[in-house]
Each structure stands twice: as structure tokens, then as C-alpha cells.
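These notes concern the structure reproduced below.
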Amino acid sequence: MRDDLRRILVERDLLSAERFEECVQEEVHTGEPLDRIFLQKGYLTELDSLRVFAEVLGLALEENLTKMQVPVEFVNQVPVHFARSYNVIAIASDAHGMRVATCSPFQTNALDDLATMLSIEVEPVLAQRVEITNLINHAYKRKADVVDEALDNLEDGDMIDMAAGVDVAEDILDVANKAPIIKLVNMILFQALKMRASDVHLHPYEDRLQVRNRIDGILYDMEAIPKRVQDAVISRIKIMGKMDIAERRLPQDGRATIKLGDGEVDVRISSVPTSNGERIVMRLLDMTARVLRIEELGLDDANLAMLRRFIRYTHGIILVTGPTGSGKTTTLYAVLQQINSAEKNCITIEDPIEYHLDDISQIQVNNKKGLTFATGLRSLMRQDPDVLMVGEIRDEETAKIATQAALTGHLVYSTLHTNDAAGAVARMLNFEVEPYLVASSVLVVIAQRLVRRICQECIESFVPTGSDLIELQDIGLEIADLPDGLLYRGAGCANCFQTGYVDRSAIYEILPITEEVKEQVMAHESASVIKKESIKRGCRTLRMDGARKVKQGLTTVQEILRVTQLDMF
């Protein structure tokens, strides 16, 4: 086999004969298989290595497993930790045996164990590690009704054994040999992640503990947990968050990290006492989530060009406003990624750090130790920054330091909680920042909201009638404004959990601080006057931008009405 391997590698100019002999000698001394040595030394890519070994060993190679269907018997009989440990997953089965993908051609022991476990002949197929990992995660995520299954197996005597030490990052799919309460909590989290939930609420009632998931900004009731295990479930979650399980009369905050496959999820836990017991809310932050590019935020061409112009400035403040959960931080991260380069020193101070960015120093606020936005920002000024991102301007001190930073040659990004873009100017003045400083430092204000997108699996068109026409007028559209006179909606399917919506997009209201706006700020004009005059100059409100997305068939009229207010000016 080695001779064939050497010949193919040398003939195809993948590896020199000298390097091949070097790898063979290392195989003799360490016992590591050749395929692993090739990868460790970086001599071959994984795909090139697999192609060569497939040819030499006479094995099939599957370069893409995306559309493969994992046999149900594999998921039911093989523990997820076994599949992950050995990177094996079945891709097909018949009466004669089961085809199993592996990224290690010499991993015979694991395949033998698998054949014993399944009581069936196993045929190895080669595939890349990342393809196998993705298929494992997808297959075990589809294992349905996991919470119901955990509840069914819960017995009265199972409520105590839950205080075992929590791993640094526990894999919530690895529930083998775990106590029933631990399994139940893990499955609640797993179900939430499977449904793309951003928050999990545990709401105590007189007769039950209700699980509710926030998906795309909307809360949905899930399972009802029996009241008898309420204390055990809450105690388990508090143990995960390293909180005091004996303290039930005061609010507490905690934090945990869990694993789902190769990805990590940061869980922020908050508990408050209520008349029916402690109420828990868990915020789920995917540590491996991809940072969006500014082209993916939902900006139209005009707004995108305007944003690109402002983020190239060398000093000033760029403010993003909106309520909690409106995607402000996502927008700031997209902008930071766009301007980040080796020539710029970018530093952020956040609460919490939601995404991890390469080459950018990110600082976590710690109020208990005195590291607030204001104190952190003051210290960062001595770090020779070019770009500063402040998670939120919450108080007068932070507002004044951010303004001074902008006036002394720094570009500052931050967020505010206001209803619209013009309101951000009034908010800065409320922080007792002098009007001339606001006018001089603020470059642009971006207000935004998140609207749910229509599910593309069940999207359908319809002719608006009756109440649809009234709602259409509420967002400033007539039926003549619609392409072909049609609106779109989601009928509801398994992909969108019968809601008709999947994922979200942002709508924007962008207010550049032009000379006219600066004069209005200096004259202490109200936010409504600033907004009215800006619209005359071509600015679009949130509702106007939402109407554009309705015309494009991206969202529904009802979504725009839900997240925006009537334009009054």
C-alpha cells in the first residue's frame, strides 16, 4: 500500500518523495496513522489526503454530505458522544448493511464497535471531518420530542441528584448516564437552540412551571413542567450559572457555557423571586455565530452608500438606536468588521460581549468590580485607539466622555434607547451634553427595528381585501403601489413551526447630522421638528422603509405595524 501511496502522491505533485519518507519514519516512531501525520504537518489538505487514500484502499469518497439522510436506527442506537468522538455517521442502509462515513481510513476499531452496536455489517465511506460533524449535529437535532421524552422518564425519586459538578462547557446532547433533572434541563436548552430561540423563560404558575421560548422576537409557550419538580429544575439551572441555590428571596445573575456539537453557546441567567417561586430567564448567545457583513443587514442601496460614507470618517460619533433586541449590536459589529484593518486600533467595551472578533480588543463590563462603560471608556482613551465601540450610552458621564473622545480625533460607535433617530439628539441633550458639542460630534444616527421574514418554504401571494387594504394604508401604501397588486404571507409549515416566518431582517431610519440639523440642535428644536425637516430632505422613516420591504415580499404588513409607530410630525 505504501508504494502505491508514494507513487500517486509523487506523480500528482502532492508530496515529494523526501517528505513522504519523513512521514513514514514518524509513523514508525509514534504509531500515528499516515493520514493524520499528513494533516498535522500541513503537507496535504484533508480532501487531497482522502482522495488518495480512497483510491489506494478502494473506498468510496463522498465530498458533500449535506443532502444525506441518516438512518433512524443509527440515531436511536448510537449515542451522540460516540459518533462525535470517532467522527462517524451513517449515510445509508439496506438489508445487507449500513454505509458509514468516516474521516479516518484506518479507524477500524471504532467501525467494529459500531457494527456490534448496530448488529449489522458496516461499510466505510470516506468524508471530510467538517461534513461529518455537520451531519451529526443535523441528525441528532432532528431527534424529536426530546423534552417530552425527558418528562416521561422523570419520576418522583429523581429530583435530588443534580448537584454534580458542571463541566466548563457541557455538551447538552450528551445525556447518557445523566440524572433525569439534568437531562430535562439539557433538553429544554437543546429544544430552544433547535428552534433558533434567543431566550428561554421558565415562568412559575400555581400548578406548573411553564417553558416559553422567544423566537424571532415573539414568545411561544412550550412544555409545562410539573410543579413537583419546579425547585429541582430551577436549582439545576442556578448550579449551571454558579448562583446561590439557597438564596430564593433576592434576584440573582449567573452565566454558563454549553456546547452543541462543535459550537459553544453562552447562557446568561437571571432569576427573580415571584409569588409562585423563582422565575428564570436564560439569554442564549451563540459564540460561533457569524458576524454579518453590512451588505447583509437589509439596507437598500441609498442607505448602504450613506453608511459606507460615514464609517470612513476618522472622528465623530455614530449612534445606533432602538429598543432592546432590535439588532443594534449586530449592526455595530458588521460596521466594525468592515472598517477593521491592521492600520487601525479598534477597541470595544460591551455588556455582554456577543460576538468575538479577530484583531479587535473586546472588554467586558464588570459593574461589581467598578468597570463601567464610563470608567472603561476613560481608560481606553489612554490606549491610543482609532476606533472605539461603547456598548451603550447609559448615563451623563459616558455621554460626555464619548463626546470628548469624538472631538479629540477618535471615531466612536455606540447605542442609545430611543424611539427614532431624531430622538437620539434630544437624548444626548438630556444627558446635559452642550448643544454645540452634540452638533459638532455626532455624525449620523441610525434607528432600526427587526421584522420577521416570510418563510420561503411556504410563501404564498394573495390579493389584499377588506382589513388588508386598511392595514396597507396605515403603512402608506395603496394597492396600486404593489407589484401585480399582490401581497405575500407564509401559510405555515414545519420549517417555520407553523408561524409563517423564519429569521429576521432590519428596517432602518438614517438621519445624517447635516448643517441644517446642527442649526436645529443649536436652536433647541424638538425631535419632531428635526424629523419633519429631515423627511422633506429625503430621509425615510422606519415605517417607510418597512413599506419598501412589504413591496419586495420580504415581510408582511402586520409585521411593520407591530414594530413601528404611526409617523406623526
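The values are calculated or read from the model by the stated rules, or taken from the named source; none is laboratory data. Just so it is clear, the structure is predicted and the values come from calculations on it, not from any experiment. Here Cβ is always computed from backbone atoms with ideal geometry, including for glycine, and neighbour counts include all displayed protein chains. All accessible areas refer to the heavy atoms of the entire protein, side chains included, with ligands and DNA or RNA removed. Shrake-Rupley method; radii C 1.70, N 1.55, O 1.52, S 1.80 Å.
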Residue pairs, Cβ under 8 Å, 6 or more apart or interchain, first in region 75-97 and farther than 18 Å from A127 by Cβ, second in a strand (DSSP E or B) and at pLDDT 85 or above. List them. none
Among the residues of region 257-275, count how many are open to solvent by 50 Å² or more (accessible area, probe 1.4 Å) and either within 25 Å of T331 (Cα to Cα) or polar (S, T, N, Q) (or both). 3
Quick check on region 286-302. Is at least one of its residues at pLDDT 90 or above, of a type in the set (V, I, T) and within 30 Å of K242 (Cα to Cα)? no
Scan region 502-521 and tell me whether some residue there is open to solvent by 60 Å² or more (accessible area, probe 1.4 Å) and either over 25 Å from I318 (Cα atoms) or touching a Lys or Arg at 6+ places or on another chain (Cβ under 6 Å) (or both). yes
Mind checking whether some residue in region 232-246 is in contact with a Ser or Thr (Cβ under 9 Å, 6 or more places away or on another chain), β-branched (V, I, T), more than 26 Å from L450 (Cβ to Cβ) and in a loop (DSSP other than H, G, I, E, B)? yes
Looking only at region 247-256, count how many residues are open to solvent by less than 70 Å² (accessible area, probe 1.4 Å) and assigned to a loop (DSSP other than H, G, I, E, B). 1
Qualifying residues in region 412-460 (those that are of a type in the set (D, E) and surrounded by fewer than 20 Cβ atoms within 10 Å (Cβ to Cβ)) - the one farthest from R394 (Cα to Cα): E460
Out of all the residues in region 288-300, which are of a type in the set (A, V, I, L, M) and open to solvent by 50 Å² or more (accessible area, probe 1.4 Å)? L292
Residues that are assigned to a helix (DSSP H, G or I), closer than 30 Å to T408 by Cβ and touching a residue at least 60 places away in the same chain (Cβ under 8 Å): does region 283-299 have at least one? no
List the pairs whose first member sits in region 551-568 and is in contact (Cβ under 8 Å) with a residue 60 or more places away in the chain, whose second member is part of a loop (DSSP other than H, G, I, E, B) and among the charged types (D, E, K, R), and whose Cβ atoms are under 9 Å apart, counting only residues at least 6 apart or on separate chains? Q565/D420
Being among the β-branched types (V, I, T) and touching a Cys at 6+ places or on another chain (Cβ under 7 Å) narrows it down to one of V433, V387, so name that one. V387
Go through (1) at pLDDT 85 or above; (2) out of contact with any Asp or Glu (no Cβ under 8 Å at 6 or more places or on another chain) for S85 and report which single condition fails. (1)
What do you reckon, is K368 of a type in the set (D, E, K, R), without any contact (Cβ under 8 Å) to a residue 12 or more places away in the chain and within 30 Å of S270 (Cα to Cα)? yes
Region 205-228, residues that are farther than 26 Å from E559 by Cβ and crowded, with 21+ Cβ neighbours inside 10 Å: L209, I225
Kindly check whether there is at least one residue in region 510-520 that is touching a residue at least 12 places away in the same chain (Cβ under 8 Å), closer than 14 Å to V425 by Cα and under 27 Å from the mean Cα position of the chain (by Cα). yes
